[in-house]
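Comments concern the structure below.
The values are calculated or read from the model by the stated rules, or taken from the named source; none is laboratory data. The model shown is predicted, which means the values in this text are computed figures rather than measured ones. Note: ideal-geometry Cβ built from the backbone for every residue, glycine included; neighbour counts use all protein chains shown. All accessible areas refer to the heavy atoms of the entire protein, side chains included, with ligands and DNA or RNA removed. Shrake-Rupley method; radii C 1.70, N 1.55, O 1.52, S 1.80 Å.
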Amino acid sequence: MAPTLRVEDYVDGVLAGDRAVLARAITLVESRRADHRGLAQEVLVRLLPHAGRSHRVGITGVPGVGKSTFIEAFGTNVTAAGHRVAVLAVDPTSSRTGGSILGDKTRMPELSVDPAAFVRPSPSGGTLGGVTRTTRETMVLVEAAGYDVVLVETVGVGQSETIVADMVDFFLVLMLPGAGDELQGIKKGILELADLIAVNKADGENRNRATAAATEYASALHLITPPSAPWQPPVVICSGLRNEGLDTVWTHIARHRDVLVANGAWDRNRAEQQLRWMWSMVEDRLVADLHRRTAALVPELEASVRAGTVTAAMAADRLLAAFGEGSAADAVTA
């Protein structure tokens with residue numbers, strides 16, 4: 001394994017757009033080792049002033065909707081227009097083995113070799129909905145490296161969408177042609193988060209079905225979107241496979257930014273995202289600290305809960321009590 005770089009090496013390499021150093025910096029912030037976390041924070045603090053100027057776009061959709069094909073064609077179009085695109089594609093981590101597929105570079109063969117693009121598959125680490133624990137920090141790194149469009153691909157439709165919406169400027173939901181029963185299964189919360197709904201795979205025999213589905217989705221949006229909102233989410237049809245309608249998607253994304261900047265919502269949203277990032281980090285570290293301080297109690301309590309001799313609530317109380325005692329002991333020692 002290559003030796004860990006110095007803070008200056010990471011910072012200079014990322015700012016210079018060195019892809020190898022950028023990849024190593026992302027690996028560093030993904031690490032759970034305490035010494036790596038400290039080094040990563042030093043690097044991030046140095047790079048933070050150079051970040052924050054990208055257009056962050058979250059992209060989600062049910063499995064089979066064609067996210068990878070869409071992102072490959074869409075990202076290639078955006079780089080052709082003179083932008084630099086970073087794709088943060090979060091892979092599902094197995095709850096049994098802890099492994100992940102990490103196949104995004106094979107699913108996006110053209111974009112992964114585009115000199116103006118950077119595709120980074122990252123294991124979710126079991127984080128809710130597949131959104132990696134360090135996605136926000138990775139965004140800082142790619143922005144500092146000069147990527148002005150960041151696409152965050154989620155694993156699929158679920159609770160993770162709320163997390164993604166908290167870290168991006170624009171939230172794109174891809175849908176399949178043929179609303180019908182599918183429309184009934186859409187959670188209201190997903191529609192409320194969407195800044196744009198794009199019915200993908202609108203090609204060949206699917207085109208008419210896609211158009212009908214778009215009409216259904218548009219009607220659903222009108223029922224739940226406040227009429228006074230500064231942005232009314234449009235619904236479009238597209239084909240990632242044939243690269244049709246993707247220019248329209250980009251036009252809406254650019255117009256959305258103009259609308260939000262004009263009324264001050266852009267800066268307000270970014271400021272609120274920073275606060276949510278802070279509390280997310282607090283929660284993440286508290287949970288990690290809880291596991292560390294109560295490790296000796298866990299096997300016995302888990303066995304008791306499984307055997308039914310201790311309720312889940314009682315076990316949770318004992319763990320939290322032990323955590324509190326450990327925190328108080330540390331405070332006295334300090």
Looking only at residues in the stretch 192-235 that are of a type in the set (D, E, K, R) and touching a strand residue (DSSP E or B) at 6+ places or on another chain (Cβ under 8 Å), which one is most open to solvent (accessible area, probe 1.4 Å)?
207
Six or more apart or on different chains, Cβ under 8 Å: which pairs go from a residue in the stretch 234-263 that's within 20 Å of residue 80 (Cβ to Cβ) to one that's open to solvent by less than 30 Å² (accessible area, probe 1.4 Å) and among the polar types (S, T, N, Q)? Could you list them?
238/200; 239/200; 240/200; 245/239
As an exercise: evaluate residue 47 against (1) open to solvent by 20 Å² or more (accessible area, probe 1.4 Å); (2) more than 24 Å from residue 113 (Cα to Cα); (3) at pLDDT 95 or above and give the number of the one condition it does not meet.
(1)
For the stretch 108-123, indicate whether the set of residues that are of a type in the set (Gly, Ala, Ser), crowded, with 21+ Cβ neighbours inside 10 Å, touching an Asp or Glu at 6+ places or on another chain (Cβ under 7 Å) and modelled with pLDDT under 70 is non-empty.
yes
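Could you tell me whether residue 277 is part of a helix (DSSP H, G or I) and either open to solvent by 80 Å² or more (accessible area, probe 1.4 Å) or under 30 Å from residue 64 (Cβ atoms) (or both)?
Working: part of a helix (DSSP H, G or I): yes; either open to solvent by 80 Å² or more (accessible area, probe 1.4 Å) or under 30 Å from residue 64 (Cβ atoms) (or both): no.
No, not satisfied.
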Restricted to the stretch 9-23, and to residues that are free of Cβ contacts under 8 Å to residues at least 40 places away in the same chain and of a type in the set (Gly, Ala, Ser), which residue is surrounded by the most Cβ atoms within 10 Å (Cβ to Cβ)?
13
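Against the condition farther than 21 Å from residue 149 by Cβ and not in a helix (DSSP H, G or I), how does residue 32 come out, does it pass?
yes
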Failed condition for residue 186, given (1) among the hydrophobic types (A, V, I, L, M, F, W, C); (2) at pLDDT 65 or above; (3) in a loop (DSSP other than H, G, I, E, B), with all others met?
(2)
Please identify the pairs in which a residue from the stretch 315-326 that is in a helix (DSSP H, G or I) has its Cβ atom under 6 Å from the Cβ atom of a residue that is not hydroxyl-bearing (Ser, Thr, Tyr), counting only partners at least 6 apart or on another chain.
315/301; 315/305; 322/297; 323/290; 323/293; 326/293
Out of 71, 59, 26, I need the residue that is open to solvent by less than 60 Å² (accessible area, probe 1.4 Å), assigned to a strand (DSSP E or B) and over 24 Å from residue 289 (Cβ atoms). Which one?
59
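Only one of these is modelled with pLDDT under 95 and among the basic types (Lys, Arg): 306, 255, 276. Name it.
Working: 306 fails: modelled with pLDDT under 95; 255 fails: modelled with pLDDT under 95.
Sole residue among the options that is modelled with pLDDT under 95 and among the basic types (Lys, Arg): 276.
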What pairs can you find where one residue is in the stretch 268-281 and farther than 14 Å from residue 135 by Cβ, the other is of a type in the set (Lys, Arg) and assigned to a helix (DSSP H, G or I), and their Cβ atoms are less than 6 Å apart, with a gap of 6+ or different chains?
none
